[in-house]
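These notes concern the structure reproduced below.
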Amino acid sequence: MRSLFLFSCMVICGFIGTIAAQDNHPNLDYFHKNVEKNIDSRRFGYEAIKPSIEKLKHHSDFKVELLGQSVEGRPIQLVSWGTGEESILMWSQMHGDEPTATMAMMDLFNFLMDEQDERGEALKANWKESLSLYFIPMLNPDGADQFRRHNAMGIDINRDALKLNTPEGRALKAAKDRLQPDWGFNLHDQSRYYQAGHQPHPATFSFLAPAYNEAKDINGNRMAAMQLIVALNELAQSQLPGQVGRYDDTFEPRAFGDNMQKWGVRTILIECGGNPADFEKQDIRKNHFLFYLHIFDQIINQSYQQYALSDYEAIPFNRRRMMELVVRNADYTYLGQHTHLDFGYQFVEYDTQDHRSGYVRGSINEIGDLTGYQGYQELDASDLVLEKGRLYPNTFKQLTDLTPSRIQQLHRAGYTAVKLKNLPPKAERYNLPIQLRSAKTKQVDNEIKLYGNPAFVLRDQAGRVVGVIVNGVYYPIE
Ligand SMILES: [Zn+2]
């Protein structure tokens with residue numbers, strides 16, 4: 001049923017007005033040649049990266065050592081490469097449901113392992129001689145297995161830098177103490193509902209040079225981290241114009257990033273957010289791969305030193321203003337109140353039982369004036385009639401009766417919900433563009449309500465159905 005979900009994603013994505021992502025960076029060849037095909041979506045556990053790690057163990061350029069074990073006994077490994085003086089420690093996925101940097105790390109390992117063209121070999125030779133790279137891929141394998149943030153004890157590892165209650169936190173701290181890296185990269189994913197400042201784009205990447213004290217002082221190390229972020233911002237802007245944000249630098253005394261900075265490591269937080277047409281973050285992964293290469297070059301050439309504090313401060317702050325779908329200027333009447341209002345849906349994501357696939361439920365999270373908000377899909381309803389979706393009176397036998405053409409017929413007739421004699425459990429997981437209800441259902445409630453998930457039919461002035469909204473997605477009808 002995954003294909004159905006992809007179908008709905010394609011529909012979502014086809015409709016977003018945004019600046020097209022660039023795909024012309026010379027280092028992208030290395031990505032396409034070395035992408036780890038074993039992983040192609042966000043939900044994977046340690047078993048998915050294990051073959052990559054095993055391969056490294058047999059490659060003479062790499063060293064793989066066991067740093068520790070997670071609460072449930074999964075390995076936490078340290079991968080080392082290079083013999084240079086400047087050392088860089090990168091750890092990914094301390095939050096189990098934040099896997100993008102891990103994916104890109106597997107691609108990077110492939111790139112480092114395999115023979116490349118002349119330019120690629122020259123790049124690698126330069127890095128190998130100048131840098132010592134240390135990676136901890138998937139610091140929280142138990143969380144990854146369940147696709148959840150916390151470790152198996154329910155502890156947020158990123159709030160465990162001082163107490164060190166978790167074996168995962170202790171592994172990271174021990175690696176830092178032993179290696180004393182010059183640079184630290186704390187690699188995460190953030191909500192797809194962050195907007196890049198006041199720009200009508202998601203913050204596909206966000207950065208932070210964490211503060212090391214309450215006063216948010218800037219010492220030499222933190223300044224270097226800020227400058228390197230500016231270099232990464234330039235690269236990101238060239239690929240994803242307008243889609244970069246910055247985190248607020250309020251000091252969090254328990255977090256690893258803040259403490260790494262305090263312990264003298266030049267620390268950078270990278271967060272992967274949302275991206276149009278990229279629900280599974282495969283395009284973001286590609287850009288994250290570019291970051292790795294850029295980081296190595298910048299550190300060797302020290303070219304980041306050209307940037308000023310003001311360049312860092314010019315990166316706009318994240319704002320939680322993205323929506324999946326924003327409907328604007330809808331003519332709507334509720335208990336006699338006639339309005340022209342905006343409303344926006346976000347998705348709440350749910351897991352299937354094995355945590356290896358997911359599904360979403362739309363939720364209206366803001367009603368009224370949505371000026372300043374941006375939808376991945378935008379629908380101006382000024383010249384349309386918004387009609388509550390209706391329940392088709394007859395009952396279908398089973399799911400397979402709902403072919404795409406049958407669903408479209410129902411849409412054209414103003415129906416957004418059907419009854420099924422054999423309603424499968426958790427029917428939402430099919431992500432169909434129609435609401436599925438049991439045979440006993442008498443009516444559907446499609447009122448605009450906060451945190452509700454109503455369905456609508458949109459008609460033009462001639463009364464023709466031009467599209468429907470179901471589960472937070474607008475489906476235009478050709
Ligand atoms: Zn995180």
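The values are calculated or read from the model by the stated rules, or taken from the named source; none is laboratory data. Remember, it's a predicted structure, so these values are computed and weren't measured experimentally. Glycine gets a Cβ as well: all are built from the backbone with ideal geometry, and neighbour counts include every protein chain shown. Accessible surface is based on the protein model in full, side chains and every heavy atom, while ligands, DNA and RNA are left aside. Shrake-Rupley method; radii C 1.70, N 1.55, O 1.52, S 1.80 Å.
Where does each of Tyr359, Tyr350, Tyr373 land when they are ordered by accessible area, with a 1.4 Å probe and the largest first?
Tyr350, Tyr373, Tyr359
In square nanometres and to one decimal, what's the mean projected area of the convex hull around the Cα atoms of the chain?
With the hull built on Cα positions only, its mean projection is 24.4 nm².
Debye sum, Cα scatterers, the stretch 48-172, no solvent: what log₁₀ I/I(0) at q = 0.18 1/Å?
-0.93
Ignoring any ligand, DNA or RNA, what whole percent of the accessible area of the stretch 141-238 comes from carbon and sulfur when the probe is 1.4 angstrom?
47
Could you provide, to the nearest whole Å², the per residue accessible area of the stretch 18-319 with probe 1.4 Å?
36
Given a 1.4 Å probe and heavy atoms of the protein chains only, how would you sort Tyr451, Tyr474, largest accessible area at the top?
Ranked list, largest accessible area first: Tyr451, Tyr474.
Could you order peptides 131-141, 360-370 by the average number of other Cβ atoms within 10 Å of their residues, highest first?
Highest mean packing first, the order is 131-141, 360-370.
Where in the chain are the DSSP H helices whose alpha-carbon span along the long axis reaches 24 Å or more and whose Kyte-Doolittle mean is at least -0.5?
Result, helices passing both filters: 220-239, 282-301.
Under a 1.4 angstrom probe, counting protein chains only, how are Ser60, Ser41 ranked by accessible area, largest first?
Ser60, Ser41
Mean residue ellipticity at 222 nm from the helices of the chain, using -39,500 (n - 2.57) per DSSP H segment of n ≥ 4 over the full residue count, to the nearest 500 deg cm²/dmol?
-9000 deg cm²/dmol
So how much accessible area does Lys57 have, in Å² to the nearest 10, using a 1.4 Å probe?
90
So how long is each side of the stretch 170-294 along the principal axes, counting just the alpha-carbon atoms, biggest first, in Å?
For the stretch 170-294, the Cα extents along the three principal axes come out at 41, 28, 23 Å.
Mind checking Rg over Rh on the stretch 395-478, alpha carbons, Kirkwood formula for Rh?
For the stretch 395-478, the value is 0.95.
Which whole-percent values make up P(r) of the stretch 24-72 when all C-alpha to C-alpha distances are grouped in 5 Å steps starting at zero?
4, 14, 18, 21, 21, 13, 6, 2, 1
In the calculated pair distance distribution of the stretch 112-237, what percentage of Cα-Cα distances lie above 24 Å?
Taking all Cα-Cα pairs of the stretch 112-237, the fraction more than 24 Å apart is 49 percent.
Taking the simple approach of a point 7 Å from Cα along Cα-to-Cβ for both Leu162 and Ala215, what is their distance in nm?
Reported label-point gap for Leu162 and Ala215 is 1.8 nm.
Which of the pairs Lys163/Lys262; Lys397/Lys442; Lys163/Lys216; Lys50/Lys281; Lys33/Lys286; Lys63/Lys163 have their Cα atoms more than 19 Å apart in this structure?
Lys163/Lys216; Lys50/Lys281; Lys63/Lys163
Scan around Gly389 for amide H atoms under 5 Å from its own, H built in the peptide plane at 1.01 Å from N, and keep only partners 5 or more places away or cross-chain.
For Gly389, whose amide H was placed from the backbone, the distant partners under 5 Å are Ala455, Phe456, Val457.
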